[in-house]
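The values are calculated or read from the model by the stated rules, or taken from the named source; none is laboratory data. These numbers were taken from a predicted model, which means no experiment stands behind them. Cβ atoms come from the backbone with ideal geometry, glycine included; neighbour counts cover every protein chain shown. Calculation scope for accessible area: heavy atoms of the full protein, side chains included, ligands and nucleic acids excluded. Shrake-Rupley method; radii C 1.70, N 1.55, O 1.52, S 1.80 Å.
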Amino acid sequence: MTERKPAGVSFESWVDKQIREAEQRGDFSQLPGFGKPLPDIDRPYDETWWIKAKMQREGVSMLPPALALRKEAEDTRAAVSEARSEAEVRRMLTEVNEKIEAAIRRPPPGPLLNMRPFDIDAVVEAWRAERGPA
């Protein structure tokens, strides 16, 4: 579509002609999703839908720092049960505890953190109990 609008032809009719000719050539039938329903057509309109979709496709998450730390702490707590040694459990908890303690000293922007560092010894005891007698 590199041709210019001819003088004396209204813009709308020129555009309509371009679209009609492209349809006749079948240019639109080769597009991905042709003939399929529009995804999320029933959802309420969101101005940033395309940003959210791009972030989801790219696997990007933009949580406020406090919420990201909460999620990291939850993920770490869940990963403890998969740890193979007590040293690994302690390392995982120590890393997240350092981040929690730093956030308590200097709160990040966003919602309140409302967290305390993990009691490493208590979590290790629960990890041992979960694994059964050695």
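Overview of values
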quantity	calculated
The chain, accessible area per residue, ligands and nucleic acids excluded (1.4 Å, Å²)	83 Å²
Magnitude of the charge dipole, the chain, Cβ model with Lys/Arg +1 and Asp/Glu -1, debye to 20	220 debye
Axial C-alpha extent at least 24 Å, average Kyte-Doolittle at least -1.0 - helices from the chain (DSSP)	86-105
Trypsin sites (Lys or Arg not before Pro), loop per DSSP, at most 12 other Cβ atoms within 10 Å - longest free stretch of the chain	5-83
Modelled label reach - Thr94, point 7 Å along Cα→Cβ, the range 104-134 residues with backbone N closer than 13 Å	120-121
Heavy-atom accessible surface of the range 1-113: percent carbon and sulfur, 1.4 Å	56 percent
Viscosity 0.890 mPa s, temperature 25 °C, Stokes-Einstein D of the chain from Kirkwood C-alpha radius, µm²/s	118 µm²/s
